[in-house]
Each structure stands twice: as C-alpha cells, then as structure tokens.
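Working notes, structure below.
The values are calculated or read from the model by the stated rules, or taken from the named source; none is laboratory data. Model, not experiment: these values are computed from the prediction. With ideal geometry, Cβ positions are generated from the backbone for all residues, glycine too; neighbour counts draw on all protein chains shown.
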Amino acid sequence: MADNFKKSYKFALITSLYITISLTLIMSVFLYFFSEITFWVLISIAISIYVAVFFIIQYRTEKFIYTRVKKIYDEVELLDSETVGETPVTTNMDTLILEVEKFAKNRKTEIESLKVREAYRKEFIGNVSHELKTPLFTVQGYILTLLDGAMEDPVIREKYLNRAAKGVERLIYIVKDLDMITKLEAGDLNLNYTNFDIVELVQSVFDLYEMKASQKNIVLTFDMKYLEPVIVHADKEKIQQVLSNLVVNSIKYGKEDGTTEVSIENLIRNKVIVRVTDNGEGIAQGHIPRLFERFYRVNKSGSRKEGGSGLGLAIVKHIIEAHHERIYVESDYRVGSEFSFTLERVKQFPVVDISTKTP
C-alpha cells in the first residue's frame with residue numbers, strides 16, 4: 001500500500017500535521033478555561049481537524065498545480081486538453097516530467113519527418129519542372145523556327161515537325177506515368193487479378209523489345225528452358241508493365257554485346273521470385289537506397305539522353321507493393337544488376353489421362 005501512496009501527498013500530510021497541532025493547542029487552551037474536556041474528546045477533535053485539513057490542502061494543491069500545468073501544456077501544444085481531461089489529475093512531478101519528455105520526443109520525431117518530406121517535396125518539384133521543361137522547350141523551339149519562315153522548305157518542315165512530335169510524345173509519356181504513379185500512391189488503381197503463365201508473359205515482353213535490344217546487340221534470354229508453364233495470380237497487365245520497365249532499363253543501361261536474363265524460381269508458401277539480371281554498368285551502393293524514388297537518376301546526364309520519364313522504377317515498386325509483394329535489387333558497379341520481385345504462385349495439379357486406364 002505504501003508503494004501506491006502518492007509522493008505528492010507528503011506536502012499535504014506535513015502541512016496538515018502542523019495546522020492540526022496548532023489548532024488543537026489553541027482549542028485546548030480555550031476549552032480549558034471555559035469548559036471541561038476529556039482526553040478522548042480532544043483526540044477526536046484532533047483527528048477530525050487533521051482529516052479535514054488534509055483533504056482541503058490536497059485538493060487545493062492538485063487544483064493549483066493542475067490548472068497551471070495544463071495551461072502550459074495547452075500553450076505549447078504538447079498535450080491535448082481533451083487527453084488531459086480524460087486521465088486522472090496528478091501532481092506527481094516525476095510523472096509530469098515523463099509525460100512532457102514523451103510528448104516532446106514524439107513532437108521532435110514529427111518535426112524531423114516533416115523536414116524530410118519538405119526536402120523531398122522540393123526535390124520532386126524541381127525534378128518535375130526539369131523533366132517537363134526539356135521537351136516543352138524543344139517543341140517550342142521547332143515550332144517557332146517553322147513560324148519564322150522555315151515552314152516554306154518542305155524538307156526542314158517535315159524534319160522539324162517529326163522532332164516536335166517526338167517531344168510531344170515524351171510529354172505524353174511523362175504525364176501518363178505521373179498519372180499512373182499518383183493513382184498507385186492514392187490507392188485508386190484497382191488491380192484485375194487473373195491466373196496466367198508468367199513464362200509466356202516474359203516471352204511476350206522479350207518479343208516486344210527484341211529490336212530495341214538488337215540495336216546494342218543485347219541478347220534477351222531465360223536462364224533455362226521452361227518446359228512447363230508457371231501460373232501466377234496477379235494483374236497481368238500491370239505485371240507486364242513491371243517486366244517491360246525492368247527489361248527496358250536493362251537494355252538502356254546494358255553494355256554492347258551483353259545479355260538480359262530472366263529466371264523464375266519457386267519459393268516457400270506458394271511464391272515465385274522473378275529475377276531480371278543484366279551484365280551492364282551496374283549501380284554504386286550509394287544510389288541503391290534512393291533507386292525507387294520518383295525522378296531519381298543515377299547518371300542524370302546519361303539517363304536523360306536515353307529518354308524515359310524517370311518514373312519507371314517508382315511505378316514498378318508501387319505495382320509490386322500494391323500486390324502485397326516485395327521487390328529487391330542487387331548490383332555491383334561495373335559488373336551488373338539484378339532486380340527481382342515475388343508473386344503468388346497458383347498450385348498446379350498433375351493432369352491424368354483417364355483414357356489410358358483399363359477398367
């Protein structure tokens with residue numbers, strides 16, 4: 001019981017004791033001259049005065065400290081006034097100090113988080129501005145040149161209009177990717193889950209970018225020959241976009257006469273992992289933590305020459321996480337990179353040909 005006794009009562013106990021002794025002595029002297037009083041009556045009066053004074057002082061002390069401490073909390077916004085009102089009032093300074101330290105620590109964490117977000121926001125706005133500015137100025141330059149008189153020359157007109165069209169295509173590409181990643185982050189993009197063969201899907205992506213790879217003499221290949229289909233449960237269109245972005249990146253940053261290899265491996269708990277490996281220039285370890293940020297580029301000058309919106313890997317990450325799966329990256333600088341992601345595998349049952357069975 002002594003452990004549960006509040007330390008803040010010590011002040012009230014001692015003060016009550018002093019007041020009780022003083023009042024008892026005064027009352028004893030007064031009653032001694034005007035009436036007879038017994039010992040037990042005197043004790044009863046002393047106890048009554050002590051209890052009354054104790055509760056009065058304790059209540060007044062808690063009320064006094066509570067109102068002032070609460071006012072301080074409200075002013076500095078460390079505590080919500082509703083939260084204070086719901087909890088029992090305490091005048092224990094140790095408890096108050098712990099609460100203040102706790103809320104101060106939480107507030108410090110919030111402030112640091114806001115600073116990080118603000119820095120990220122500024123960088124993001126700067127990147128968006130730069131990505132949009134380049135094709136916009138390109139298109140504007142070609143159109144103004146045509147308006148200034150170059151339109152009269154059919155060769156220059158066709159040449160500049162084609163270049164302006166490419167700039168517009170780049171703008172549309174960036175805007176579409178921005179719209180996609182905004183929907184993914186907001187959770188507004190619904191996934192259409194189906195069962196499909198991931199091996200077949202990878203092959204279709206290879207066929208789609210075979211000509212692009214041949215320009216750098218890069219071979220698109222599997223790690224082995226897959227004789228049986230590997231059925232997964234996911235949004236086929238979105239997973240095709242993931243594979244397309246990863247394969248295009250491997251071609252873009254791959255070296256001449258290189259390879260882009262895709263492997264599909266079984267994991268535990270009905271999972272498969274799809275690996276996209278290249279032997280390109282690789283990524284320095286310092287860039288890997290920020291690799292999936294929007295518009296983050298490892299080699300800014302070289303990346304922009306290659307084209308793209310700078311949102312490919314960010315979209316890949318959001319699509320995979322929307323499937324409640326994980327994406328990984330491993331890379332050795334000047335050796336190559338490997339991007340891998342998991343998918344849910346559909347359990348397949350062996351097909352039995354009943355026509356060959358004898359009755």
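Within segment 246-261, can you find the residues that are surrounded by fewer than 23 Cβ atoms within 10 Å (Cβ to Cβ) and of a type outside the set (Gly, Ala, Ser)? Correct list: Val248, Asn249, Ile251, Lys252, Tyr253, Lys255, Glu256, Asp257, Thr259, Glu261. The C-beta contact set for segment 261-289 (first residue in contact (Cβ under 8 Å) with a residue 40 or more places away in the chain and farther than 14 Å from Gly336 by Cα, second residue among the acidic types (Asp, Glu) and surrounded by fewer than 18 Cβ atoms within 10 Å (Cβ to Cβ), distance under 6 angstrom, 6+ apart or interchain) comprises Ser263/Asp223; Ile273/Glu265.
The combined condition, being free of Cβ contacts under 8 Å to residues at least 24 places away in the same chain, buried (at least 18 other Cβ atoms within 10 Å of the Cβ), aromatic (Phe, Trp, Tyr) and more than 23 Å from Leu311 (Cβ to Cβ), is fulfilled by Tyr160. Of the candidates Glu210, Glu265, the single residue that is surrounded by 12 or more Cβ atoms within 10 Å (Cβ to Cβ) and either hydrophobic (A, V, I, L, M, F, W, C) or farther than 19 Å from Ile327 by Cβ (or both) is Glu210.
For beta carbons closer than 9 Å, sequence separation of 6+ or different chains, a first residue in segment 337-348 that is closer than 30 Å to His287 by Cβ and assigned by TED's automatic domain parsing to the domain that holds Leu201 and a second that is among the hydrophobic types (A, V, I, L, M, F, W, C) and assigned to a loop (DSSP other than H, G, I, E, B), the qualifying pairs are Ser337/Ile283.
With a requirement of 2 or more residues that are of a type in the set (D, E, K, R) and within 25 Å of Glu330 (Cβ to Cβ), the helices (runs of 4 or more DSSP H) lying completely within segment 196-262 that satisfy it span 236-252.
In segment 163-185, of all residues being without any contact (Cβ under 8 Å) to a residue 12 or more places away in the chain and among the aliphatic types (A, V, I, L, M), the one that is farthest from Pro135 (Cα to Cα) corresponds to Val175.
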